[in-house]
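Before any comments, here is the structure.
Laboratory data are not the source of any read-out in this text; all were calculated from the coordinates shown. Because the structure is predicted, anything quoted here is derived from the model rather than measured. Heads up, the Cβs are rebuilt from the backbone with ideal geometry, glycines too, and the neighbour counts pull from every protein chain shown.
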Amino acid sequence: MDRLKALLFLTSVIILLCLPAFSQTDAPTRLVGDAKPAIESPAGPPSVEAKDTKNDDGSAIDVSWQLSPDDQRLVTKYQVLRSKSSTGPFEVAGETTKGQHTYTDNGVKVGESYFYKIAAVYEIKSTDSTSVTGKGESQVIGPIKPIAQWFNMRRLNVLIWLLVTCAAILFYIMQAKSGKELYVRKIAGIDAVDDAIGRATEMGRKVFFVPGIQDMDDVATIAAITILGRVARICATNETMLDVPVSRSLVMVTARESVREAYGKVGRPDAFKEDQVHYVTDDQFGYAAAIDGMVMRDKPAAMFYMGGFFAEALILAETGNNAGAIQIAGTNQPAQIPFFVAACDYTLIGEELFAASAYLEREPRLLGSLKGQDFAKGLFLLAIFLLLILAMFGYNWVSIMDVS
Amino acid sequence: MKREIPLIITFVAGVAFVLQYFIPHYPFNRFENIFSDWFSIVGAFAIWLGALSLMKLCLLNISKKSSDWPISLLIIVSFLAIVIAGAIDGFHGLNNVPATSFRDPGTNFDWLYQKVYTPLSSTMFAILAFFVASASYRAFRARNTAATLLLFSAFFVMIGRVPVGDYLSGWLPERMQLSHWANWLMAFPNTAGQRAVMIGIALGTVSTSLRIILGIERSHLEG
Amino acid sequence: MKKYYYWIILAALIIVLILLPKPLIVSPTVSTIITVLLGLALAGVLVLTLRGHMIGRRTVFLFIGVSLTLPFFMNYRMPIKVSPEVQTLYDAIAKLPPGSKVLAAFDYDPPSAPELQPQAEAFMAFAFKHNLKVIIMGLWPQGPQQADMAVTKVLQEPEIRAKNLRYGVDYVNLGFQSGNEFVIQRMGTSFSGMFPRDIYNTDYDKIPLLNGVENFSNIDFVFNLSSGQPGTVEWVQIAVDRYGVKLGAGNTAVQAPSVYPYLSSRRLTGLAGGMTGAAEFEQATKEIGKANTYILSQSFSHMVVIAFIIIGNAALFVGYRKSKQKGA
């Protein structure tokens, strides 16, 4: 009896120890060393389509496919296989994760024909960094030839708006040249330029002109240089010291020429000194720190901030305010406009910066372009209003404003 | 010709850039890349102009013993320190196998960057916090209707964007809570204003660019 | 107050901060007492203003300095509600299946790190824990270095360390490339054309993670951390508009308002703005980090600024009253 009990006990223990061997799952597990069991291959995508990508330079083909029936169960990724012949050899053009059914192949050359097939891949990675894959491939489709288009139709709406804006600008320029008086509303910030420089002249202190931290490829910097020319002319006439610290070397070169010409125009080329326009540093906060130091030491009576500014805007404006200077600012960065409004005496908001040159010069062609710009803005407002009304009645034509 | 040549170059480059935006076909698709490469190369060489101008000005200040000559001396010392540190690390790194860069961690250049430049930059940025407070103290005053509206907007956004707003108004229905008001102000009035300013700036940019391309605007060339 | 008094106060503060044992966290009771004292000090300033004694900007600076510093020693935790923009961002990232390739564009520098570094760390931790493959690059020179710091920190976490993540297989840092928005445009055609090597000089073709990653069509999501230009606006205008990329962003508080138009037009899939956005993002991803500590400082400083706005308006009304009395 005792022996039987002992035998039963031993048998139970052995069975219990062997139980885990019977509880294997089908989930992918890490393989050790060379153990590579036979792997199930997912079914290939049932259909594939490939066509030339529209509105491009002929370097792309759009490939789309129906998901493999095993997409959820087995597929780990899809491979887009490309070849120049229907029989191969095929190379991997790209991969997507499961669930995705489109791919844009940007590795093709214009005018050459290509064949495609899609492989649904089931991959198991082993601990020694090798992997075992099962693949199910679709049929081969092709040939498809990528073609370069001569016009990007997705940008047709931009072209139309651009032509309308340009036509308006040119029309009003012609009107202005023909002698018609064009009304431009008062811009307080620009009117204050002369007064600000006059104040500096009376106090015998400097005028600082800060043209922003952007380079010459930014239109705001060019607009700033235009205003600098005007400021330099007034300073030259009044014999007021003008200091222009700049953040970019190309801006230094351009600003120097502009100031030199301005001094020459009013008959004071001898008063111009090259070091009036000087480079400080490209670094944003280094530039702000340098200007702050100059302002606190020199205590200018007037400061102009014109151009592209970022986080340093408020640092500069507050320091100028502490120094007691009258400050006029204008920037094309919407995020910085509130800071300038809070800290400066006058702020040119948005396109007023670009209107400044026309406003100051009062030249007919420049005023005409201002009117044209306003006309285009009026058209935009009308379009927004009409589309809003249409959208309220369920007609969603917002896509005509879409750009890509 | 001194004025005409820049105008011709501006016109050709401007038109080319406009065309490449609409025409994807070769060779127009190459314009943007080519011009941006040229701009980068010209800009890189132009840095020397700026650096030499800065050094010249500083040396002049030092020689004349003008009022801020110690600052000019500091600029020259800092400039040389970082250039020499980078050069030494660069040459040393070239001798390593594989070659390392002067910017790699552990180099003198990296030490100067991490321990000197980064704290200085961060300090300047941190000054904004104080300046925002003093600007707010001065600017947000109920002088007129518009200023009062600005004042209340600032109040709601400032208090609604921090947890204190929810802490104080958590007992109210969700639509009455301060964070809801702050989000509404950011999502609607602010967005509307930002869009309006952006449209205006875009149109101003188009107009100014057209004037520059056509040579109507020449003040940046001739003062 | 005489000028040198301010220097004495500042020197005393610095000495006290250096000598105090660290970390020094006071109890909630002491935190409440400090808050009440600060409130009373502000009330005192208000009373002085109403009596006609105008305060200078240095007083404002002093209060701001104190309100930013003291919360670091306090033991307050305020509940943070996740805003809809941050929830949208989190949902978009959480929906990505394991193995998805995410391009993380680090377009900021050290001064913006207090706001953006917590977002970077929360994102990297979430990505690593959910087996997302991260490709790091930057349009700002210091961006990839900031990314490196975030990755190094996040890899120390026990849960992530246990995963034995490998550089080049689970994440890669392609470094910085100059050219601003032109880089984004050219990445639409070829990543390897813009980044022929990674930050450690390994060829693009030799990096396992980048096999089959030609351009944006092989990327499942782009997460951009930006504090200026080039930044989120350029990513939207080029990557989203031209190449149909799905983009989420973290921005500084200054830049966030100008990015809202893209959020409402659904070109941007979620936005974490400023320190508040960083704290909310940490809450949403459950990767509680520095932002949840810093947000208390921000809360205090906001309240102090609001108090000074009230004081400023009080000064304005006192001025009106005086001028009326003079006129009468």
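For the reader, a short list of remarks on this structure follows.
- Acute angle (nearest 10 degrees) that the helix B:118-139 long axis makes with the longest principal axis of chain B, alpha-carbon atoms: 40
- Low-density loop positions, trypsin sites (Lys or Arg not before Pro), segment C:27-104 - DSSP coil, at most 12 other Cβ in 10 Å: C:ARG51, C:LYS95
- Value of D in µm² per second that Stokes-Einstein yields for segment B:48-109, Kirkwood Rh from Cα pairs, at 10 °C (1.306 mPa s): 120
- For chain B, average projected area of the Cα convex hull in nm²: 23.7
- If the segment from B:PHE152 to B:ARG30 were pulled out straight at 0.36 nm per residue, it would be longer than the present Cα-Cα gap by 38.8 nm.
- Length-normalised contact order for chain A - Cα pairs under 8 Å, 6+ apart - percent: 15
- Gaussian network model of chain A, Cα within-10 Å springs - most flexible of A:ARG297, A:ARG248, A:ARG205: A:ARG297
- The length gained on full extension between C:LYS206 and C:LEU37, counted as 0.36 nm times the residue separation minus their Cα-Cα distance, comes to 54.7 nm.
- Lys/Arg +1, Asp/Glu -1 at C-beta; segment A:48-144 dipole; positive extreme among A:THR96, A:ALA119, A:GLY58: A:ALA119
- Distance from the alpha carbon centroid of segment B:169-206 to that of segment A:319-397 works out to 19 angstrom.
- Reachable aspartates and glutamates, given that their alpha-carbon falls under 13 Å from the alpha-carbon of C:LYS129 and they are not under 8 places away in the same chain: C:GLU121, C:GLU157, C:GLU159, C:ASP170, C:GLU287
- Filtered trypsin sites (Lys or Arg not before Pro), segment C:249-288: DSSP coil and at most 14 other beta carbons within 10 Å: C:ARG266, C:LYS286
- Summary of the geometry: segment B:103-150 and segment B:1-54, compared by the centres of their Cα atoms, lie 34 Å apart.
- Relative to the Cα centre, the charge distribution of the protein assembly as shown, modelled as +1 at Lys and Arg Cβ and -1 at Asp and Glu Cβ, gives a dipole magnitude of about 2400 debye.
- Cross-link reach list, lysines versus A:LYS109, counting only Cα pairs under 20 Å and skipping chain neighbours closer than eight places: A:LYS51, A:LYS54, A:LYS84, A:LYS117, A:LYS145
- Cross-link partners for A:LYS186 among the lysines, with Cα-Cα distance under 20 Å and sequence neighbours closer than 8 places in the same chain left out: A:LYS371, A:LYS377.
- Computed over segment B:67-139: relative contact order in percent, which uses C-alpha pairs under 8 Å that are six or more apart: 19
- The coefficient of translational diffusion for the protein assembly as shown, derived via Stokes-Einstein from the alpha carbon Kirkwood radius under 10 °C and 1.306 mPa s, stands at 50 µm²/s.
- Using C-alpha pairs below 8 Å separated by at least 6 residues, the relative contact order for chain C is 23 percent.
- A:LEU163-C:ILE9 FRET efficiency (beta carbon distance; Förster radius 45 Å; 0.05 resolution): 0.10
- For segment B:1-64, the fraction of alpha-carbon pairs in successive 5 Å shells from zero, as %: 3, 15, 14, 14, 15, 12, 9, 7, 5, 4, 2, 1
- Only helical runs count toward this figure. For the protein assembly as shown, summing -39,500 (n - 2.57) over DSSP H runs of n ≥ 4 and dividing by all residues gives -17000 deg cm²/dmol at 222 nm.
- Chain A: DSSP helices with Cα axial extent of at least 20 Å and average Kyte-Doolittle hydropathy no lower than 0.0: A:2-18, A:156-177, A:188-203, A:219-238, A:284-298, A:364-392
- Within chain A, longest stretch clear of exposed chymotrypsin sites (Phe, Trp or Tyr not before Pro) (DSSP loop, no more than 14 other Cβ within 10 Å): A:184-392
- Rounded to the nearest Hz, the phi-derived 3J(HN,Hα) couplings of segment C:219-233 under the Karplus curve 6.51 cos²θ - 1.76 cosθ + 1.60 (θ = phi - 60°) are 10, 8, 7, 10, 10, 10, 10, 9, 10, x, 10, x, x, 4, 4, where x marks glycine and proline.
- Over segment B:101-221, equivalent-ellipsoid semi-axes from the Cα gyration tensor in Å: 36, 32, 16
- Kyte-Doolittle mean at least 0.5 and Cα axial length at least 20 Å: DSSP H helices in chain C: C:3-19, C:28-50
- Scaling against 2.2 N^0.38 Å puts the C-alpha radius of gyration of segment C:240-328 at 1.72.
- Cα long-axis angle, helix B:191-214 against chain B (0 to 90 degrees, to the nearest 10): 30
- Remark: the Cα gyration tensor places segment B:1-108 in the oblate category, a/c being 1.5 or greater and a/b not exceeding b/c.
- Summing Cβ point charges (Lys, Arg +1; Asp, Glu -1) relative to the Cα centre of segment A:283-389 gives a dipole of roughly 280 debye.
- Equivalent-ellipsoid semi-axes of chain A, from the Cα gyration tensor, Å, largest first: 69, 33, 21
- For GluC sites (Glu not before Pro), the sites in segment A:230-276 that DSSP calls loop and that have at most 15 other Cβ atoms within 10 Å are A:GLU239.
- Computed magnitude of the charge dipole of segment B:1-143 (debye, nearest 20; Cβ of K, R +1, Cβ of D, E -1): 760
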